[in-house]
Amino acid sequence: MSYGRRKIRTDADKITAANVVDEVSKAYAVHCLNQFEIQKLWDYYRGKTAVLLKEKEIRPEINHKINENRCFEVVGFHKGYVFGEPIQYVRRETSKSTVDDETIASDINALNGYMADANKAAHDAALAEWLYIAGTSYRLALPNVKWDSEGDESPFEIHTLDPRSTFVVYSNSIDEHPVMSVNIVEHERGEKEFFVYTEDSSFGFREFGNVTEKSHTLGMIPIIEYPADNARLGVFEIALPLMDALDELQSNRMDDLVQFVNSFLAVFGASIDEETYKKLNELKTLCVPEGTDAKYLSANMSQADVQTLKDDLYQSILTICGVPNRNGGSSTSDTGTAVIYRDGYATADARARATELMFKSSEKNFLKLILRILRDTVGTVLRLTDIEPHFTRRNYENITAKSQVLISMLNNPKIHPELAFAHCGMFPDPESAYLQSKAYYDEEMKKWDPVEVDEDGVEDV
């Protein structure tokens, strides 16, 4: 049983070629503990669980090892629920930029386009998978060396890193700012190569080699950690004992069924020779002398009690992991809101909002780096204070209510139309929807431009 990942810290104020090997070595010792636990969680996600080690002393030939893989179910739900729609960037309501609204809206739309070109939605899905399995995940962003102003490439490239071979080291100071990030590459012969990044330099060395140093102008550490929470717990990690119990219960249940079908025949007061046994198998009939008895030896479990226990374990797993149940209830008069609360969707939504807050904290550091790259390439005017990451969940649920909210906000002269598009919840990309709708509206309004007419109502030419 593990209890979340450890946050790696250092007392060093600055990483240089002189101390990088010592600092990485100390941090790597802590990372190895995290790596072991992450590997265990990854194995559970893939179906390699404790039930595979199940042993049976009585009738060991009947030993089922069944894994229901609720870990995959829990991760799949949260991944699809929070990251099922691409994350879009919208204008922050409290933006204090002196640039005109049209320019900012255009640049944000371009930023979303660059993210689509860099396949960020797919990288977000991979990032979310590690986030929910391991309790933490890592993203690398770098300038795209293949980019040119006339090509189809994004100015930056994004990579999702394996948390088993990546870690970030934080300062022991009060602000706990990141000091360095490390990515480990294991070569064919087992030799490890360490790539270390700081705010202005990168280092590379092998286990028994010299340190190489290069400078960069990013002004930030390009590897960014996305923790699930402060404890860095995987979404199913705290429910692993229940999942092991569920697997063992289902396996023993199957053992009991097979043992019942293959029960031993006991003959009381007589004996059966080999020839009689062969006839019994062939004719399925046994004749015994008067005064003797024969019966099958079996003591099968009560399937009703077993199912009750299984349902209780499964329900506990869903509740702890924040996954809605599928029991549907027995009432036929529930409203939509009542179903949401009864089946656990309200809890799932609260869990998703907590994940969003942690994700946005790291996403801001990612955006800082991306905006730095864009300023050096396409010359964007955007600042971090202009942008807000926007998650879209259950986009087509309660669509009538959402459309009514949009209409009400658009009819209110004190509310900017862009805010109406951003807060109604109808559009995965509110910024793009607003710009497209505005262009359509302006085009339609041109058809209604006033014209001059003479006394008879004829248009002047």
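Of the residues making up region 170-212, those that are loosely packed, with under 14 Cβ neighbours inside 10 Å and touching a residue at least 60 places away in the same chain (Cβ under 8 Å) are N172, E176.
When residues in region 227-241 are screened for being within 18 Å of T319 (Cβ to Cβ), surrounded by fewer than 18 Cβ atoms within 10 Å (Cβ to Cβ) and aliphatic (A, V, I, L, M), 1 of them pass.
Considering only residues in region 18-27 that are in contact (Cβ under 8 Å) with a residue 40 or more places away in the chain and open to solvent by less than 50 Å² (accessible area, probe 1.4 Å), the one that is farthest from L242 (Cα to Cα) turns out to be V20. The set of residues from region 47-69 being assigned to a helix (DSSP H, G or I) and either open to solvent by less than 40 Å² (accessible area, probe 1.4 Å) or over 17 Å from I238 (Cα atoms) (or both) comprises V51, L52, L53. Answer yes or no as to whether F72 is closer than 26 Å to Y345 by Cβ, of a type in the set (A, V, I, L, M, F, W, C) and open to solvent by 60 Å² or more (accessible area, probe 1.4 Å). Considered against the rule, which asks whether it is closer than 26 Å to Y345 by Cβ, of a type in the set (A, V, I, L, M, F, W, C) and open to solvent by 60 Å² or more (accessible area, probe 1.4 Å), F72 comes out as yes. On the basis of being in a helix (DSSP H, G or I), more than 16 Å from the chain's Cα centre (by Cα) and β-branched (V, I, T), does V82 make the cut? No. Taken over region 357-382, the criterion of being open to solvent by less than 20 Å² (accessible area, probe 1.4 Å), in a helix (DSSP H, G or I) and either within 16 Å of H78 (Cβ to Cβ) or hydrophobic (A, V, I, L, M, F, W, C) (or both) is satisfied by F359, F366, L367, L369, I370, L371, I373, L374.
Scanning region 142-151 for residues that are closer than 17 Å to G379 by Cα, charged (D, E, K, R) and either loosely packed, with under 10 Cβ neighbours inside 10 Å or in contact with an Asp or Glu (Cβ under 9 Å, 6 or more places away or on another chain) (or both) gives a single hit, E150. Here the condition is being at negative phi and assigned to a loop (DSSP other than H, G, I, E, B); of L218, L140, it holds for L218 alone.
The values are calculated or read from the model by the stated rules, or taken from the named source; none is laboratory data. Just so it is clear, the structure is predicted and the values come from calculations on it, not from any experiment. All Cβ positions, even for glycine, are placed from backbone atoms using ideal geometry, and neighbour counts span all protein chains on display. Surface areas here come from the heavy atoms of the whole protein model, side chains and all, with no ligands, DNA or RNA. Shrake-Rupley method; radii C 1.70, N 1.55, O 1.52, S 1.80 Å.
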